1. Using modelled backbone amide H atoms (1.01 Å from N, in-plane), which distant-in-sequence or interchain residues come within less than 5 Å of Asn397's amide H?
2. Note down the net charge around Tyr239, summing +1 for each Lys or Arg and -1 for each Asp or Glu among other residues with Cβ under 11 Å from its Cβ.
3. Just to be sure I understand the model, the point goes 7 Å from the Cα along the line to the Cβ. What's the resulting Phe496 to Arg748 distance in nm?
4. Please give the net charge around Ile522, taking every other residue with its beta carbon less than 12 angstrom from that of Ile522, where Lys and Arg add +1 and Asp and Glu add -1.
5. So which aspartates and glutamates can Lys387 reach, going by Cα to Cα under 13 Å and dropping same-chain residues fewer than 8 places off?
6. Dipole of the chain, Cα-centred, from +1 at each Lys and Arg C-beta and -1 at each Asp and Glu C-beta, to the nearest 20 debye?
7. Set the Förster distance to 25 Å, then compute FRET efficiency between Gln598 and Ala109 from the Cβ-Cβ distance, nearest 0.05.
8. Along the charge dipole of segment 259-338, pointing to its positive end and built from +1/-1 on Cβ of Lys, Arg, Asp and Glu, which listed residue (Gln297, Thr334, Gly274) has its Cα farthest out?
Amino acid sequence: MTLGVLAVLAMAFVMFAGFWTDWLWYRSVHYSSVFTTTLWTKIGLFAVFGLLMGIAVGFNIWLAYRLRPPLSAMSLEQQSLDRYRMGLAPFKKWVLLAVTALVALIAGASASGQWRTWLMWVNGVEFGQKDPQFDLDVSFYAFDLPWYRFLLAFGFAAVVLSLIAAAITHYLYGGLRITSPGARATAAATGHLSVLLGLFVALKAVAYWLDRYGLAVKSSDFKATGNWTGLRYVDANAYLPAKTILFCIAVICALLFFATLWRRTWQLPVIGFGLMVLSAILIGGLYPAIVQKFQVQPNEQAKEAPYIQKNIDATRKAYAIDGTKAENYSGKSTVKAKDTLRADADTAASYRLLDPNIVSPTFQQLEQKRKYYQFPTTLDVDRYAGKDTVVGLRELNIKGIPKRNWINDHFTYTHGYGAILASGTHTDANGSPVFTESGLPTTGTLGTYQQRIYYGEKTDQYSIVGGPQKELDYEENGEKTTSYKEKSGVSLSNTFNRAAYAVAFSEPQILYSGAIGDGSRILYNRTPKERVEAVAPWLTIDGDAYPAVVDGRIQWIVDAYTTTNGYPYASRTTLGDTTADSLTVGNQQRTVVAQQNQVNYIRNSVKATVDAYDGTVKLYEWDTQDPVLKTWMKAFPGTVEPKSEIKGDLLAHLRYPQDMFKVQRELLTRYHVTDPAQFYSGSDAWQVPDDPTNKDGNAVPPYYLSMKMPGDTAQRFSLTTTFTPNGRPNLGAFMAVDADATSKEYGRLRLLRVTSDVPGPAQVQSKLNGLPSVATFVRDMKGADSDIQYGNLLTVPLDGGFLYVEPVYAQGRNALYPLLKKVAVSYVDADQPEGDTTKDTTVFEDTLTQALNAVFGVEAPTAPTTPPGTTKPPGTTQPPASNDAALKQAIADAQKAYDAGQAALQKGDWTAYGKAQEDLQAALQRAADAGAKLKTPGSGG
């Protein structure tokens, strides 16, 4: 008995340990309200619905037993059942309780899983937008309908289980007879079962009524568009009236079942039920098929046009692309002067030659310093001092510890050290990154900041810090040690907590190790994604957290989304598929969001930060108009800080998230078309091209790049992508979003539809591979046993055409990291005379400056000031050295404005023509001013 009690207590403690450690963790990060709200919601749903199910089933078993007939004259059938009744007699109460408890536990566990549905229903905020069919607010479909469907499913389960349990009890005690002569059921059993059947049919009536609204969020295949959500012609004109008719029939049928309490006959209910089944087949199935076959298919485009328009409008609004309109972009250069093109190329973009997807091994070899440090496979792009910068954190690599044991793994080696920064736009003479922050400890442009990294993307093991055991801080002229002083993590000072964690982590040494004492704290859940997911389980987390040094601390910035799949008429997309590209496949650091979640509404509503030193998690409201976020903020008050709390230093590092952009670009492959007829035909459908720099067949990733879109006067930090027409390799469109959170136009999507035949990324890559100079380079590198790696193929609009820039890396056999060796540049222009050097010109040179000079056939306006062999940082052309240069620049600008005006005049684009005239007038004024200064003594002319 003692051993049994001890075993039960041990099992109870094992189950309790998980609960207790979770509570301690949430309390340590100051989000205990999330834990308690979630816990009490689950307990409440478990108790209420478990109790309701238990009462429903138990009551019907008890009622069937009470309505049992007298067994004075038993048939042979009843005599054979008598031994079962005799066996159950002493335990009938316990059997009743056991069956009731079992169904209650199952139902309660199922209901507790609906805690999100309940919280969204009870806290739902209106969208302020109504669906076009039923004129109901979108919140009904997003928040209310899922809860009603759960209640309906629970009602069906309760009635069916009660019906089965009651039928078995009636049969066991003689209320139902199968082989006995005479009536098959007693009047009491008939009445009881009829009521249950009536309830079932009544619930079916409710299901028919809800199905009417469900048509607005129903997914189906539509050959013209593929995935489709919402009503089509046959839904609105056949299924919708059919559901209404079936609802009325089901109500009548339910009343007939209830009437058996007085009529004591099954005749009318059975007839009514048969009528309902027949109606479901004819009205709910055959009639819509006839409408589709004979009304819709002969003239499908015209019939479906109004519904396609509703789908287009709803989808564009649900994915926040409703403000995106395709602007025609000719692909034909508006500038003929080569020197002007060359000058414009310098300022069109800050061409990022350092590819963060390739140079991680370079960071690893040059800045790892110790084997127990590591960098992520894919580095990040950020802005420091207004310049594009490649960033990587030197995180702990547990596999690189010289001697592996429990103390070293969890007490001595506990953190990484330092943020490494490199200029994104140029390299040194050898092709290595130009580091602006490096060393151990790091020094450079960042100044003084907390360099220890206890929380990071690569930190997935627990550490115990702050106790008697000292930690290795870093090695530089000897070992430096430290002891963690923050209040992060959970205290292990008391035996009970130590025992709980020893059980939870299956590590008994936590309980008795002398390395743990006063001040010891355990750190776990250490990746930014894990921490944000834990404190905000209602958010969908972006696949790429990135670090930034903010106010003297390294902060992980995590983009988070609110989603729903209940937006009426908006087509659904699978996030896992949509956000996959050539970088996410096989990359553990940059994963796809939400795996295979299907959604049809998404907003980047929350920006989260995780402090790399103490693990502090903060959630900031970003989209202040999002009703889904407002709903969750009502459910979890105090967890999300207002947008005004985002300070300027942090704001400067916030950017438009890649996964949101990838979802939007995938939708815009079809939904850039707003005309129903054209949408139906699919004649203008696009696709996201495969990444031409590798052969895995995955989509090209979007690229962060500071650049100017047509009409812009200054570069903007942007996220860019390209499109190609379905089944064709030429460039169909180019899209960029203002990714700088400090910009007033942050989030503005600009979509350039290319109206001429311009080569796409794959064609440019193919032409590059076919250059004799490339063949020679590859042959030489292969002869030296070196591997060639193509960097990001950047696309930049330039004076009506497109400029492609691609860095090329080489890694020798004995080299441990790739170096930038060449730069490929191609300027594609659909409207240049044959033989002109600016027509679809592709070059392959040692530096970016040389490549730009070669592609346009002229030298840079000002000589580069960088050392020989160094790529010149683009976007940094120097101001005119004299008034003579200023005059030449003004004349060139005037010519450019005049050409743009003539091109706009030919197209009848009066808006562009007016702007060109304004630019022409301003250029002429600058020319006049410069000319006047040339005539003035001492003016520098």
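1. Tyr373, Gln374
2. My count for the surroundings of Tyr239 gives +2.
3. Each label point lies 7 Å from its Cα, and together they span 5.9 nm.
4. Net charge around Ile522: +2.
5. Here the aspartates and glutamates satisfying the reach criterion relative to Lys387 are Asp740.
6. Dipole magnitude for the chain comes out near 3540 debye.
7. 0.55
8. Thr334
Taken together, the values in this text are just the output of simple stated rules run on the coordinates, not laboratory data. Given the structure is predicted, the values throughout are model-derived calculations rather than measurements. Glycine gets a Cβ as well: all are built from the backbone with ideal geometry, and neighbour counts include every protein chain shown.
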